[in-house]
Amino acid sequence: MKFLILSDIHGSAACLETTLASFEKSVDALILCGDYLNHGPRNPLPQGWDTKRTAELLNARKDKIICVRGNCDSEVDQMMLTFPCLASYTTLALPAPGGIRRLFVHHGHLYSREELASWLPKGTIVISGHTHVTVMEEEAGLFYFNPGSISLPKCDDGNTCGILEVQNDTVKVSLYTIEGKPLREREF
């Protein structure tokens, strides 16, 4: 199974369209880490900001979306989106040798690494957004992945997204530009 991981869209229909055109045909589902429509008071308007079009693009894919609420998401956004988007976290169980590997998805603004390390079993993959900065690192037995932001990056990697692929008991996480250029990957 292959997941496209997006975070911090912030209403940029243009960046969302670019990302979907680059990856949608090769993935089974989308994991969205929050901040769908609004840009927030500290961010500029992103390129191609169009909240209605962004909602249309996401709603057309609602059957393939696994998502969580970001700090810029509210009940008003839920009125525009036809899939539930206000949970603070979600978990998935992935097949792994001798059992399962847990995937914990949250936006990144509510739970600290210390809390997560005390709650989650070793080997969990923690996916988050919020900072708009790409992360791919291990700490205290957990693997942290932040795909950055598709619309308002705050790191040198630029506008980015991720791919998580589960194949024959192996998990591979990859970071890409929204145009499809590979940046780095990690396999478990």
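The values are calculated or read from the model by the stated rules, or taken from the named source; none is laboratory data. Remember, predicted model here, so these are calculated numbers, not experimental data. Positions of Cβ are backbone-derived with ideal geometry, glycine not excepted, and every protein chain shown enters the neighbour counts. Keep in mind that these areas ignore ligands, DNA and RNA; they rest on the heavy atoms of the full protein, side chains included. Shrake-Rupley method; radii C 1.70, N 1.55, O 1.52, S 1.80 Å.
Please report the spacing between the Cα centers of the stretch 86-104 and the stretch 151-180 in Å, no decimals. Rounded to whole Å, the Cα centres lie 18 Å apart. Rolling a 1.4 Å probe over the protein heavy atoms of the stretch 1-133, with every protein chain left in place, gives an accessible area that is 54 percent carbon and sulfur.
Label sites at Trp119 and Asp63, each approximated as a point 7 angstrom past Cα along Cα to Cβ, lie 3.2 nm apart. Residue ranking by accessible heavy-atom surface, 1.4 Å probe, largest first, among Val68, Val133 comes out as Val133, Val68. Each other residue within a Cβ distance under 9 Å of Phe143 adds +1 if Lys or Arg and -1 if Asp or Glu, for a net charge of -2.
Calculated on the Cα set of the stretch 33-77, radius of gyration then Dmax: 10.9, 32 Å. Relative contact order of the chain, taken over Cα pairs closer than 8 Å and 6 or more residues apart, is 23 percent.
In the stretch 56-188, the convex hull through the Cα atoms has an average projected area of 8.7 nm², a quarter of its surface area. In this rough spin-label picture, where each label sits 7 Å from Cα along the Cβ direction, the Gln47-Ser88 distance is 3.6 nm. Measuring between their Cα centroids, the stretch 40-77 and the stretch 1-26 lie 12 Å from each other. With the largest listed first and rounded to whole Å, the semi-axes of the equivalent ellipsoid of the stretch 1-59 from the Cα gyration tensor are 21, 12, 9.
With a/c under 1.5 counting as rounded, go ahead and sort the stretch 66-112 into rounded, prolate or oblate using the C-alpha gyration tensor (a ≥ b ≥ c being the square roots of the eigenvalues; past the cut-off, prolate if a/b is larger than b/c, else oblate). Taking the square roots of the gyration eigenvalues as a ≥ b ≥ c, the stretch 66-112 is oblate.
P(r) tail, the stretch 117-183: Cα-Cα pairs separated by more than 20 Å, 31% of all pairs.
On the basis of the beta-carbon distance and an R0 of 22 Å, Glu185 and Glu24 show a calculated FRET efficiency of 0.65. Taking a ≥ b ≥ c as the square roots of the eigenvalues of the Cα gyration tensor, the stretch 1-119 is oblate, since a/c reaches 1.5 or more and a/b is not larger than b/c. Rolling a 1.4 Å probe across the protein heavy atoms gives the stretch 38-88 an accessible surface of 59 Å² per residue. By DSSP, the beta bridges lying fully in the stretch 26-106 are antiparallel in about 75 percent of cases. Solvent exposure of Trp119, expressed as accessible area, is near 140 Å², computed with a probe of 1.4 Å over the protein chains only.
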